[in-house]
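Peer 1: To start, I am sharing the structure in question, which I have written as structure tokens.
The values are calculated or read from the model by the stated rules, or taken from the named source; none is laboratory data. This structure is a prediction, so every number in the text was calculated from the model and none was measured. When we count neighbours, we look across all protein chains shown, and the Cβ atoms used for this are built from the backbone with ideal geometry, even at glycine. Please note that ligands, DNA and RNA were not included when accessible areas were found on the heavy atoms of the full protein model with its side chains. Shrake-Rupley method; radii C 1.70, N 1.55, O 1.52, S 1.80 Å.
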Amino acid sequence: MTDEPVTLTIDGKEITVPAQTLIIRAAEQLGIEIPRFCDHPFLEPAGACRQCYVEIEGQPKLATSCTVRVAPGMVVRTQETSELAREAQVANLEFLLLNHPLDCPVCDRGGECPLQDQALAFGPGESRYREAKRVYEKPIPLSPLVNLDRERCVLCARCTRFCDEISGDRFIELFERGAGERVSIAAGEDFRSPFSGNTIQICPVGALTSETYRFVARPFDLTSADGVCPHCSAGCNLRVDVRRGQVVRHLARDNAEVNDAWTCDKGRFAFRYPDDPARITTPLLRDRGLEPASFGEVLGWVADRCVGSRVAFLTGGRLLDEDYYALSKLARTVVGTNDLDHRRHEGGAVEVWAASRPMSVAYADVERAPAVLVVGLDAEQEVPILHLRLRKAARKGARITVVHPRRTRLHDVAAHVLCRPGEEASLLREAVRGAGPLASVVEELGAAGGAGVVLAGERCSSAGAEAALALARTAGARFGYVVRRANDRGALRAGVHPRLLPGGRAVDDPAGRAALAPLWGDALPSTPGRGRRAILEAAAAGELDVLFLIGIDPLTDLPDGALARRALENVPVKVVQSLELGDLEPFADAFLPAAAPVEKAGHVTTWEGRRQRVEPVRGPVGLSRPDWEILAGLAAAMGGDLGFETLDQLDAELERVLEAGLGTPDAGAVEPFVGPDPRGGEEAPTAADPGSLLLFTYPLLVDEGRLSARADELKAALQDPAFVEVHPDDAARLGLAEGAAALVTTEAGRAEVPVRLNEHLAPGTAFVPFNNPGLVAGTLLAGSFWIPAGLEPATVSRAREASA
Amino acid sequence: MSTAGRPTPGFWEAASAIARGMATVFKQTFRPDTTERWPAEIVPTPERSHIGRHRLNRHEDGLEKCIGCELCAYACPADAIWVEGADNDPENPVSPGERYAKDYQINYLRCIMCGLCVEACPTRALTLTSYYELSFTSREEAIWTKEQLLEPPPPLGTDPVDREGR
């Protein structure tokens, strides 16, 4: 088989396409639309619906154009020039509609239904069928999110093929054959796949419909905008639909560079947070008993307290690039401090690497890689679309190795090396020396000749991530640093970091500061500031006057729950800038209402470093404003000037700053940070006490995060109450049983949670989800995402307490 | 129509044109009057007329015919109709089948009485009545709710707002 381009004729028009192209794709390029149901550009050909018949010269029978690949000199006639093909298509549509209930007025797909549209464009108009139609029970829930109406199904198998080929979560299948054939799920099973929503979007009829969009709107009711998912750093392109000002739906937009045609269920179904009743859309001032005040008043009040004071800024990972840049510039040029941070995990030298370069690994590189090493990342739970790309790579033959303390959902396509958290570094260094379980992986990466990919999750210790970077360099592979939250990478790039200015320039590097001087002035603070943990410690020790909390709730979002509470109790002025107050209500002295992601224009940076434009679907609600505007207003109130008044001016400046050559560190010259790093380069503490395990945590896909507010169906489908996972051997040793409550005690706190046994967990460790209902794991942690913990059956501890 | 290029009419042509026009005026002046003396006197509309406000109909068993499909809203050229669908409670359905209209509003400041909504309705839930006495004292009042539309129209001439004019 050659890879020469192929020339063929379709409807008398000649076209040259790459070999192996399907006729239906070649026709698309000529602008010829062949009706189809089962064909989908990101799924394998199936030929299930028989709608795309064309006539091929020299072949005795009609062929389905979605399964036949082009051949040199082929002459194809579609319905536009072949009466035979047209008749066959009309007959097939009549056939597909025989059992279709035609309940379009009730169906959610009505108005945007491929069957409806194509029946109108290519169908017979009248049916000759007068007999009774096939009847099934109207929608049966496959899960709390997905409803199945089998009467409407045309058996195209798009949904089942998606589950087989793309997500690998094979919950639904075509049962029976012939007239009784139908999509179904095993009795008692739930469609518990975090990608289930994609089957709804690709269903060409209304057979699979969404519970959250059930009877909510028609296409003509909706105002839509091109958004980017705010939930994780995958950067899925979304269409955001609004009906009368309320967000009612997220759909995945096709973008082969990023998310193909998919998005995860969180991105699809957690869309109600901007309309949460808890949202506050006016500025508030504590002096008035936390009553509404004007923006001018609150900004003036805050500015008065910032001038000449010790100020620190904490933010999360979900603002836009522009917001982060404004924050970074405000802190350095107006307030004059480097005490600002956005990180949950402090990542060391790899952060300089990630902050200083735009993009080193793209999704396409992952897909093409013959060998991939994934370190410290549970892709399905943390960056689900990267998980799908890894699966796609595996389908193309990539050898994937995952180094993680807990088996991930890649287990059917990847080899897992279970390692205790913090031990990644030693494993990787050993592999570079040609020893240990990963030695063969280094060889494979080397053999890939530059096409291999190493992905390090942000949860690796800084030493682990640096070791992964070193391993990638040794093997000549590409390296990607996978941050978790939607715009963590953008925050790094914009310099929301105690040691880094925008573009990865170090604050204590005179050259870096000089490069920014034309835009930022030459009076930038030059000593590295305090990181997240140090800011909280300073606050708790009464060494701060003003603490800004911008889009973050330190009580639940950070691994310093207890410390954060002490910090909030000991800072005189707490300024909260967010969508709502939540747990911070008792602490906030001033509240600045921020616009929600769907209300802001700007850019978001994916984990790859790709900057994607976001368009607002509606204006900010109430008095809320985009974060950068609030920060610019604060600068003005403090007598400073950020130098931009419009988003365009800000964008132009940001692009200049991020441009290479403006003093950004050289790709090769990444030196480890010197100085205290809470997780340090050290190995994880070994549990000296035999009753102690190494407790680690990370957020699961669907948790109690603020952006999942009111996503009740999603939580019903995919969320579990808090649990602690233990290896069966450790459980046996500690007397823990599946389902029974265990008391988890760490230096920071204690909690009672039910036990789950997981034999695919690194022995000697225990896992708790970061923020599932029933446990805010931050309260058990002390600055790091792992900590030695004592576990014992709750009955034992209760008995002890009763006797004492 | 342009008159450029035509010769200027003479006196007699002009006088006859005026006379012809005035003849029409006089003829109309003495024809019997067809103006109805509404609201003092209410003339019943023809039996099959549908010149007035909408009505949402019910099935004989009392269930609403409207299934909240929004086709009327889609057909409406004036964007006067607002429909919100919802899931029927199988124990206590509002309409037959899965779907019913949770909310249904017609804004009579926008409605142009074209009847396209009635043509679009797949269940004959929406029809026009001959109740034409639509007068409002506020914008809010001009938006009719589902409860109002489900009511049969009262006899003409009984609307309190209209009666004020008598």
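Peer 1: When you check B:R55 against the structure, is it basic (K, R) and farther than 24 Å from B:A142 by Cβ, yes or no?
Peer 2: Values: basic (K, R): yes; farther than 24 Å from B:A142 by Cβ: no.
No, not satisfied.
Peer 1: Quick check on region A:497-524: of everything there that is of a type in the set (G, A, S) and touching a helix residue (DSSP H, G or I) at 6+ places or on another chain (Cβ under 7 Å), which residue is farthest from A:G609 (Cα to Cα)?
Peer 2: Keep residues of region A:497-524 that are of a type in the set (G, A, S), which gives A:503-504, A:506, A:511-512, A:514-515, A:517, A:521, A:523.
Checking which are touching a helix residue (DSSP H, G or I) at 6+ places or on another chain (Cβ under 7 Å) leaves us with A:503-504, A:506, A:521.
Numbers: A:G503: 12, A:G504: 13, A:A506: 19, A:G521: 27 Å.
The selected residue is A:G521.
Peer 1: Applying the selection to region A:179-201, what residues are aliphatic (A, V, I, L, M), open to solvent by 10 Å² or more (accessible area, probe 1.4 Å) and either closer than 15 Å to A:Q246 by Cα or not in a loop (DSSP other than H, G, I, E, B) (or both)? Don't jump to the end; show me each part of the working.
Peer 2: The initial filter retains those residues of region A:179-201 that are aliphatic (A, V, I, L, M), namely A:179, A:183, A:185-187, A:200.
Cutting the leftovers down to open to solvent by 10 Å² or more (accessible area, probe 1.4 Å) gives us A:179, A:185-187, A:200.
Passing the criteria: A:A179, A:I185, A:I200.
Peer 1: From A:A132, A:A119, A:A179, grab the single residue that is away from chain B (no Cβ under 14 Å) and either touching a helix residue (DSSP H, G or I) at 6+ places or on another chain (Cβ under 6 Å) or acidic (D, E) (or both). Spell out how you get there, then give the answer.
Peer 2: Values: A:A132 fails: either touching a helix residue (DSSP H, G or I) at 6+ places or on another chain (Cβ under 6 Å) or acidic (D, E) (or both); A:A179 fails: either touching a helix residue (DSSP H, G or I) at 6+ places or on another chain (Cβ under 6 Å) or acidic (D, E) (or both).
Going through A:A132, A:A119, A:A179 in turn, just one is away from chain B (no Cβ under 14 Å) and either touching a helix residue (DSSP H, G or I) at 6+ places or on another chain (Cβ under 6 Å) or acidic (D, E) (or both): A:A119.
Peer 1: Residue check: is A:G480 outside any strand (DSSP E or B) and under 19 Å from A:T401 (Cα atoms)?
Peer 2: Details: outside any strand (DSSP E or B): no; under 19 Å from A:T401 (Cα atoms): yes.
Here the answer is no, as A:G480 does not meet what is asked.
Peer 1: A further question on this structure: Go through region A:553-572 and give me each residue that's buried (at least 20 other Cβ atoms within 10 Å of the Cβ) and farther than 22 Å from A:L775 by Cβ. Explain how you work it out, then say what you get.
Peer 2: Start the filter on region A:553-572 by keeping residues that are buried (at least 20 other Cβ atoms within 10 Å of the Cβ), which leaves A:553-561, A:563-564, A:567-568, A:571.
Of everything in region A:553-572, just one residue is buried (at least 20 other Cβ atoms within 10 Å of the Cβ) and farther than 22 Å from A:L775 by Cβ, namely A:V571.
Peer 1: Would you check which residues across region A:219-230 are in contact with a Cys (Cβ under 8 Å, 6 or more places away or on another chain) and in a loop (DSSP other than H, G, I, E, B) and list them? Lay out the reasoning, then the answer.
Peer 2: Quick first cut of region A:219-230, residues in contact with a Cys (Cβ under 8 Å, 6 or more places away or on another chain) only: A:228-229.
The one that is in contact with a Cys (Cβ under 8 Å, 6 or more places away or on another chain) and in a loop (DSSP other than H, G, I, E, B): A:C229.
Peer 1: Output the residues belonging to region B:54-76 that are away from every other protein chain (no Cβ under 11 Å) and more than 16 Å from B:Y108 (Cα to Cα). Explain how you work it out, then say what you get.
Peer 2: Taking region B:54-76 as the starting set, the residues that turn out to be away from every other protein chain (no Cβ under 11 Å) are B:54-65.
Passing the criteria: B:N57, B:R58, B:H59, B:E60, B:D61, B:G62, B:L63, B:E64, B:K65.
Peer 1: Name the residue, out of A:R433, A:R406, A:R429, A:R420, that is under 23 Å from A:E346 (Cβ atoms), open to solvent by 10 Å² or more (accessible area, probe 1.4 Å) and more than 26 Å from the chain's Cα centre (by Cα).
Peer 2: Numbers: A:R433 fails: under 23 Å from A:E346 (Cβ atoms); A:R406 fails: more than 26 Å from the chain's Cα centre (by Cα); A:R420 fails: more than 26 Å from the chain's Cα centre (by Cα).
Criteria check complete, one pass: A:R429.
Peer 1: Checking the structure you have, find out if any residue of region A:231-240 is within 14 Å of chain B (Cβ to nearest Cβ) and surrounded by fewer than 24 Cβ atoms within 10 Å (Cβ to Cβ). First the steps, then the outcome.
Peer 2: Our first condition is that a residue be within 14 Å of chain B (Cβ to nearest Cβ); within region A:231-240, this holds for none.
No, the conditions are met nowhere in region A:231-240.
Peer 1: A:V106 versus (1) within 44 Å of the chain's Cα centre (by Cα); (2) more than 14 Å from chain B (Cβ to nearest Cβ): which is the lone unmet condition?
Peer 2: (2)
Peer 1: Next up: So which residues in region A:413-457 are assigned to a strand (DSSP E or B) and touching a Gly at 6+ places or on another chain (Cβ under 8 Å)?
Peer 2: So the first thing to find is which residues in region A:413-457 are assigned to a strand (DSSP E or B), and the list is A:414-418, A:453-457.
If the condition is that a residue be assigned to a strand (DSSP E or B) and touching a Gly at 6+ places or on another chain (Cβ under 8 Å), then A:V453, A:V454, A:L455, A:A456, A:G457 are the ones that fit.
Residue-wise test of (1) of a type in the set (A, V, I, L, M); (2) crowded, with 19+ Cβ neighbours inside 10 Å.
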{"site": "A:A741", "(1), (2)": "yes, no"}
{"site": "A:G764", "(1), (2)": "no, no"}
{"site": "A:F770", "(1), (2)": "no, yes"}
{"site": "A:G778", "(1), (2)": "no, yes"}
{"site": "A:A782", "(1), (2)": "yes, no"}
{"site": "A:R798", "(1), (2)": "no, no"}
{"site": "A:A804", "(1), (2)": "yes, no"}
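Peer 1: Mind checking which residues of region A:37-60 are open to solvent by less than 40 Å² (accessible area, probe 1.4 Å) and either free of Cβ contacts under 8 Å to residues at least 60 places away in the same chain or out of contact with any Lys or Arg (no Cβ under 9 Å at 6 or more places or on another chain) (or both)? Don't jump to the end; show me each part of the working.
Peer 2: First pass over region A:37-60, keeping only residues open to solvent by less than 40 Å² (accessible area, probe 1.4 Å): A:37-40, A:43, A:47, A:49, A:51-52, A:54, A:56.
Within region A:37-60, A:D39, A:G47, A:C52, A:V54, A:I56 qualify.
Peer 1: Pick from A:F271, A:F295: which is in contact with a His (Cβ under 9 Å, 6 or more places away or on another chain) and of a type in the set (F, W, Y)? Step through it out loud before you land on a result.
Peer 2: Numbers: A:F295 fails: in contact with a His (Cβ under 9 Å, 6 or more places away or on another chain).
Only one candidate qualifies: A:F271.
Peer 1: If you don't mind, another one. Can you find even one residue in region A:242-254 that is within 12 Å of chain B (Cβ to nearest Cβ) and part of a loop (DSSP other than H, G, I, E, B)? Spell out the reasoning first.
Peer 2: Quick first cut of region A:242-254, residues within 12 Å of chain B (Cβ to nearest Cβ) only: A:243-244, A:246, A:248.
Filter once more, so that each one left must be part of a loop (DSSP other than H, G, I, E, B): A:244.
Looking for residues that are within 12 Å of chain B (Cβ to nearest Cβ) and part of a loop (DSSP other than H, G, I, E, B), one finds at least one in region A:242-254, hence yes.
Peer 1: Here's something else I'd like to know. Do we have A:S210 as open to solvent by 10 Å² or more (accessible area, probe 1.4 Å), within 14 Å of chain B (Cβ to nearest Cβ) and either in contact with a Phe, Trp or Tyr (Cβ under 9 Å, 6 or more places away or on another chain) or of a type in the set (V, I, T) (or both) here?
Peer 2: Values: open to solvent by 10 Å² or more (accessible area, probe 1.4 Å): yes; within 14 Å of chain B (Cβ to nearest Cβ): yes; either in contact with a Phe, Trp or Tyr (Cβ under 9 Å, 6 or more places away or on another chain) or of a type in the set (V, I, T) (or both): yes.
Yes: the conditions hold for A:S210.
Peer 1: Quick one: A:E367 ticks every box in (1) open to solvent by 10 Å² or more (accessible area, probe 1.4 Å); (2) part of a loop (DSSP other than H, G, I, E, B); (3) at pLDDT 95 or above bar one, so which box is it?
Peer 2: Only one criterion is unmet by A:E367, namely (2).
Peer 1: Could I ask something else about it? Name the one entry in A:P124, A:P114 that is modelled with pLDDT under 95 and either closer than 30 Å to A:G31 by Cβ or in contact with a Ser or Thr (Cβ under 7 Å, 6 or more places away or on another chain) (or both).
Peer 2: A:P124
Peer 1: Then there is this: Taking A:E176 as meeting all but one of (1) open to solvent by 40 Å² or more (accessible area, probe 1.4 Å); (2) outside the structural domain of A:G245 (by TED's automatic domain parsing); (3) over 29 Å from A:D241 (Cα atoms), write down the number of the exception.
Peer 2: Result: A:E176 passes all but (2).
Peer 1: Determine, yes or no, whether A:R478 is charged (D, E, K, R), buried (at least 22 other Cβ atoms within 10 Å of the Cβ) and either assigned by TED's automatic domain parsing to the domain that holds A:R399 or at pLDDT below 95 (or both). Even if it seems obvious, please write down each step before you answer.
Peer 2: Details: charged (D, E, K, R): yes; buried (at least 22 other Cβ atoms within 10 Å of the Cβ): no; either assigned by TED's automatic domain parsing to the domain that holds A:R399 or at pLDDT below 95 (or both): yes.
Taking the combined requirement at face value, the residue does not satisfy it.
Peer 1: Starting from residues that are of a type outside the set (A, V, I, L, M), more than 23 Å from the chain's Cα centre (by Cα) and open to solvent by 10 Å² or more (accessible area, probe 1.4 Å), keep the ones in region A:330-364 and report whichever is farthest from A:T606 (Cα to Cα).
Peer 2: Kept after step one, since they are of a type outside the set (A, V, I, L, M), are these residues of region A:330-364: A:332-333, A:336-339, A:341-348, A:351, A:353, A:356-358, A:360, A:363.
After this cut, where a residue has to be more than 23 Å from the chain's Cα centre (by Cα) as well, the list is A:332-333, A:336-339.
Applying the additional criterion that residues be open to solvent by 10 Å² or more (accessible area, probe 1.4 Å) yields A:333, A:336-337, A:339.
Numbers: A:T333: 27, A:G336: 29, A:T337: 28, A:D339: 25 Å.
Step by step, filter region A:330-364, then rank; the result is A:G336.
Peer 1: If a residue must be open to solvent by less than 10 Å² (accessible area, probe 1.4 Å) and aliphatic (A, V, I, L, M), how many such residues does region A:304-319 contain?
Peer 2: Quick first cut of region A:304-319, residues open to solvent by less than 10 Å² (accessible area, probe 1.4 Å) only: A:306, A:311-317.
After this cut, where a residue has to be aliphatic (A, V, I, L, M) as well, the list is A:311-312, A:314.
Residues flagged as open to solvent by less than 10 Å² (accessible area, probe 1.4 Å) and aliphatic (A, V, I, L, M) within region A:304-319 amount to 3.
Peer 1: Then there is this: In region A:61-103, which residues are open to solvent by less than 20 Å² (accessible area, probe 1.4 Å) and β-branched (V, I, T)?
Peer 2: If the condition is that a residue be open to solvent by less than 20 Å² (accessible area, probe 1.4 Å) and β-branched (V, I, T), then A:T64, A:V70, A:V76, A:T78 are the ones that fit.
Peer 1: Also, I was wondering about something else. Between residues in region B:25-39 that are modelled with pLDDT under 90 and residues that are among the basic types (K, R) and surrounded by fewer than 10 Cβ atoms within 10 Å (Cβ to Cβ), which pairs lie under 8 Å by C-beta distance while being six or more apart or on different chains?
Peer 2: Going by the 8 Å Cβ cut-off, the qualifying pairs are B:P39/B:R166.
Peer 1: Going by the structure shown, is A:T16 open to solvent by less than 20 Å² (accessible area, probe 1.4 Å) and not acidic (D, E)?
Peer 2: No; evaluated as a whole, the condition is false for this residue.
Peer 1: Do you know which residues across region B:82-97 are assigned to a loop (DSSP other than H, G, I, E, B) and open to solvent by less than 30 Å² (accessible area, probe 1.4 Å)? Please lay out each step first, then the result.
Peer 2: Step one: of region B:82-97, the residues assigned to a loop (DSSP other than H, G, I, E, B) are B:88-97.
Those that are assigned to a loop (DSSP other than H, G, I, E, B) and open to solvent by less than 30 Å² (accessible area, probe 1.4 Å): B:N88, B:S95.
Peer 1: So for region B:134-149 (the condition being within 12 Å of another protein chain (Cβ to nearest Cβ), assigned to a loop (DSSP other than H, G, I, E, B) and over 17 Å from the mean Cα position of the chain (by Cα)), does at least one residue qualify?
Peer 2: To start, the set of residues in region B:134-149 that are within 12 Å of another protein chain (Cβ to nearest Cβ) comprises none.
Taking every residue of region B:134-149 in turn, none turns out to be within 12 Å of another protein chain (Cβ to nearest Cβ), assigned to a loop (DSSP other than H, G, I, E, B) and over 17 Å from the mean Cα position of the chain (by Cα).
Peer 1: As an exercise: evaluate B:L126 against (1) over 30 Å from A:D108 (Cβ atoms); (2) of a type outside the set (V, I, T); (3) under 16 Å from the mean Cα position of the chain (by Cα) and give the number of the one condition it does not meet.
Peer 2: (1)
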